[in-house]
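The values are calculated or read from the model by the stated rules, or taken from the named source; none is laboratory data. Remember, predicted model here, so these are calculated numbers, not experimental data. Virtual Cβ from ideal backbone geometry, glycine too; neighbours counted across all protein chains shown.
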Amino acid sequence: MPWLNDLALRCRQCIDAGGGAAEIRDLAAKALSEQKAVPAQTDIDRIVYRADDLLVVSLAQPPFGNTPIHNHGIWCVIGVAVGREDNAFYERGPSGLVETHRVRLGAGECIALEPDVIHKIRNPDAVQSQVLHIYGGDLLGASRTMWNPHTGEERPLDQAQFEAWCEELTDLASKPIEAAPAW
């Protein structure tokens with residue numbers, strides 16, 4: 001979609017000029033506010049731009065979509081085009097991860113995450129959300145970790161296992177509250 005391609009170009013120019021997460025967050029917020037007038041221009045799971053120092057991705061988060069806890073190892077800007085996204089943030093504690101806070105983003109809102117952030121995300125709604133993730137590197141080639149949602153064990157991120165846990169957690173989250181996993 002044109003607005004995503006324009007944003008990717010502006011992000012590329014920003015990175016080339018020495019910009020980082022804060023500047024990219026501002027660019028994403030501006031692009032999201034401009035596209036709100038034409039929300040049908042969102043994409044479903046599309047890599048918009050990929051380079052060693054920048055990745056721009058448009059993602060469709062399914063109804064009640066959940067991820068396991070994970071990190072990126074690089075900065076990230078998250079922006080919501082349609083719907084909402086909840087983020088729960090964690091720090092390492094003496095006996096494992098400890099949740100520190102949560103942030104809910106609505107349509108048009110953005111947040112910048114530092115490289116050391118550990119988090120999980122979810123779509124709190126019964127309708128698909130469309131989100132924009134911009135990374136300060138090639139996330140698809142980065143060394144990352146994830147946490148087993150059943151044991152809390154940290155392990156290297158395996159994309160197939162990560163996606164399987166996403167499906168499992170999403171399925172559980174769409175069930176009646178007594179069956180849903182703790183958020």
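Some notes on this structure:
- Of all residues in segment 15-47, those satisfying the criterion of being assigned to a loop (DSSP other than H, G, I, E, B) and either modelled with pLDDT under 90 or within 21 Å of residue 72 (Cα to Cα) (or both) are 18, 19, 20, 36, 37, 38, 42, 43, 44, 45.
- Odd one out for residue 132, checked against (1) in a strand (DSSP E or B); (2) aliphatic (A, V, I, L, M); (3) in contact with a Lys or Arg (Cβ under 9 Å, 6 or more places away or on another chain); (4) at pLDDT below 95: (3)
- Within segment 135-150, the set of residues being over 26 Å from residue 12 (Cα atoms) and either in a helix (DSSP H, G or I) or of a type outside the set (Ser, Thr, Tyr) (or both) comprises 146, 147, 148, 149, 150.
- Single match in 111, 74, 121 (criterion: assigned to a strand (DSSP E or B) and more than 23 Å from residue 173 (Cα to Cα)): 111
- Residues that are without any contact (Cβ under 8 Å) to a residue 40 or more places away in the chain and not basic (Lys, Arg) within segment 10-20 comprise 13, 14, 16, 17, 18, 19, listed in sequence order.
- Residue match in segment 74-91 (condition: of a type outside the set (A, V, I, L, M, F, W, C) and loosely packed, with under 15 Cβ neighbours inside 10 Å): yes
- Look at segment 57-86: where a residue is under 16 Å from residue 24 (Cβ atoms) and a partner is assigned to a strand (DSSP E or B) and of a type in the set (Phe, Trp, Tyr), sitting 6+ places away or on another chain with Cβ atoms under 9 Å, you get 57/49; 57/135; 72/135; 74/135; 75/135; 76/135; 77/135.
- Hey, residue 108 out of contact with any Leu (no Cβ under 9 Å at 6 or more places or on another chain), small (Gly, Ala, Ser) and modelled with pLDDT under 95 or not: no
- Criterion: part of a helix (DSSP H, G or I) and of a type in the set (Lys, Arg) - qualifying residue of 104, 50, 12, 92: 12
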